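Below is one structure; the comments refer to it alone.
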């Protein structure tokens, strides 16, 4: 999706976005729980900074605040002013002082001018106009030892199971949200995009944890940016985010 199209469509979808997610992604598809799963994979970043790329209305913020604790910081970045306005209301209602919002492009992250301890992105990278540049930039902004966690769709249309029968309703909901499934979410395009995305992550991170969900239509990726040689020698134990994701084996695949 072109950047201009993403801004226009998500601005238009902002007002009904949370209701759409509650009904379709939570009640019908039962995938909202993947937000919690990817934060679990990121692990403990108490006192650190987490960047939420494509934060939308801020549905990840409560989970991210638990991960960083009161002395940590959450940065929510989105290209849509409409989405960020709803995210701002969520922050005000929660009384959260350690969450800030940034209007920006998920591909360039031009507004992020200092390293962060973790990057998380939920259902954003599947629509960006340059997945290769986006993944490289996300790894670039991490401290050595920092973690990245991504939730995405690797297929647009389920080929088996009960989801085939709810797919027409899913398509209708996407259109109501301002997204054109035939152009933005075709199977072939998504598969090619995430073949490239996984190749880049494996090359940059060394090891990559992978899980599937929604009968193979969804994908969760998580990994750690390698420490420098000097850091490995001087601090082999806990170097910033270096101790994150000790609970799951790297390179494994689990279907839920």
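The numbers here are math on the coordinates, done by the rules we state, and not lab data. Just so it is clear, the structure is predicted and the values come from calculations on it, not from any experiment. Because the Cβ atoms are built from the backbone with ideal geometry, glycine has one as well, and the counts that use them run over all protein chains shown.
Taking every Cα-Cα distance in the stretch 15-56 and sorting them into 5 Å bins starting at zero, the pair-distance distribution P(r) comes out as 6, 17, 20, 23, 16, 11, 6, 0 percent.
Using per-residue counts of other Cβ atoms within 10 Å, averaged over each peptide, order 93-101, 39-47 from highest down.
Values: 93-101: 14.0, 39-47: 19.0.
Packing proxy ranking, top to bottom: 39-47, 93-101.
Computed from the Cβ-Cβ distance with R0 of 25 Å, the FRET efficiency linking residue 81 to residue 5 stands at 0.95. The ranking of 120, 128 by Cβ neighbour count inside 10 Å, starting from the fewest, reads 128, 120.
When the alpha carbon gyration tensor of the stretch 32-163 is reduced to an equivalent ellipsoid, the three semi-axes, largest first, read 22, 17, 16 Å.
Length available on full extension from residue 130 to residue 192: 0.36 nm per residue minus the Cα-Cα distance, which gives 21.1 nm.
Note on residue 33 and residue 19: the model spin-label points, each 7 Å out from Cα along the C-beta direction, lie 2.7 nm apart. Residue exposure proxy: 17, 125, 10, ordered by other Cβ atoms within 10 angstrom of their Cβ from fewest to most, comes out as 17, 125, 10.
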